[in-house]
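Following: one structure in structure tokens, then a few remarks.
Any read-out appearing in this document is the output of simple, stated calculations on the displayed coordinates, not a laboratory observation. It should be emphasised that the depicted structure is a prediction, and the values quoted were computed from it without experimental measurement. Because the Cβ atoms are built from the backbone with ideal geometry, glycine has one as well, and the counts that use them run over all protein chains shown.
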Amino acid sequence: MSERALSFGAVAADYERFRPGYPERLVDEVLAYARTRVTTALEIGAGTGKATRVFAARDIAVTATDPDPAMLAELRRHVPATVETEQTAFEDLPLDRPYDLVFAAAAMHWTDPEHRWSRVAALLEPGGTFASFGGQLLLAEPGLEKSVAAVRARFGIDDAVPSPDWTPHDSTMQWPGAELSQSDLFTAVRQLEIGRRVEMSASDYLGHLGTISAYLQLPLSVRVQVFDQTRSVLPERVTLNGDLTLHLARAAPNAPASARRVHVRAPAPPS
């Protein structure tokens, strides 16, 4: 797991405060897709439990995992006592306990591509559901987004999340759906868009930026300059477009054992 992936623990409380939660419709879509009743679930890279709590609220026994102890400590302050937690990276999770549902909220791109899908399949009951979802928060007003992007450009900040398999941005099926569709380990791959709008103060928006890894990696003196210049172009309150892309897939019920040991290597970027 990269250094950027492990940078969030230092701002766990801010992550909880400034990152938005997930809508009920997300859970509705996942449960409607599942063929059988979902009673157990595993979350990969649970962070402070924003996604954990909306699934746990549906009487699902969720096991929340994260490699960062600070993130899990914050999570435990906000989720029901019934949620089980485990401090571990996805790559180190034991594969001796299958779940009805495995889900990840903006976390799968941090995982090791070589074993990613064989491990997910091994963590699922045959026919179980995998769900991956996420979406960047972008200023809804185009002029404001352009102004903030200009500040990022001046400091060489790239907060975009590139597709791990280099799927073009204009493709109908985005990652990880494009990769799941090519795997014998999964069937019935589906992609859905869920609208989400978030309103917050300008200071809270800066707090949100402070939880993004591209900003966390900046020296403190540079980060202060970035935030000062960003604040200067913002009104007192902002509206953000936080639309979610949800990918769903089912573990193939008859996948041969040999298929679960297939290692999928990340393709090289286009030249």
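Using 0.36 nm per residue and subtracting the Cα-Cα separation, the extra length available between Asp112 and Asp243 on full extension is 44.6 nm.
Here the sum of -39500 (n - 2.57) over DSSP H runs of 4 or more residues, divided by the residues of the chain, equals -8000 deg cm²/dmol at 222 nm, to the nearest 500. Here Ser118, Ser132 are placed in order of increasing Cβ neighbour count within 10 Å, fewest first, which gives Ser118, Ser132. For Met71, Met200, the sequence from fewest to most other C-beta atoms within 10 Å is Met200, Met71. Over the range 21-94, Cα pairs under 8 Å with separation of 6+ residues give a relative contact order of 30 percent.
Sorted fewest first by neighbouring Cβ atoms within 10 angstrom, Ile44, Ile194 come out as Ile194, Ile44. Across Ala251, Ala13, Ala188, mean-square fluctuation computed from a Gaussian network of the chain (C-alpha pairs under 10 Å connected) peaks at Ala188.
Normalising the average separation of contacting C-alpha pairs (under 8 angstrom, six or more residues apart) by the number of residues puts the relative contact order of the chain at 24 percent.
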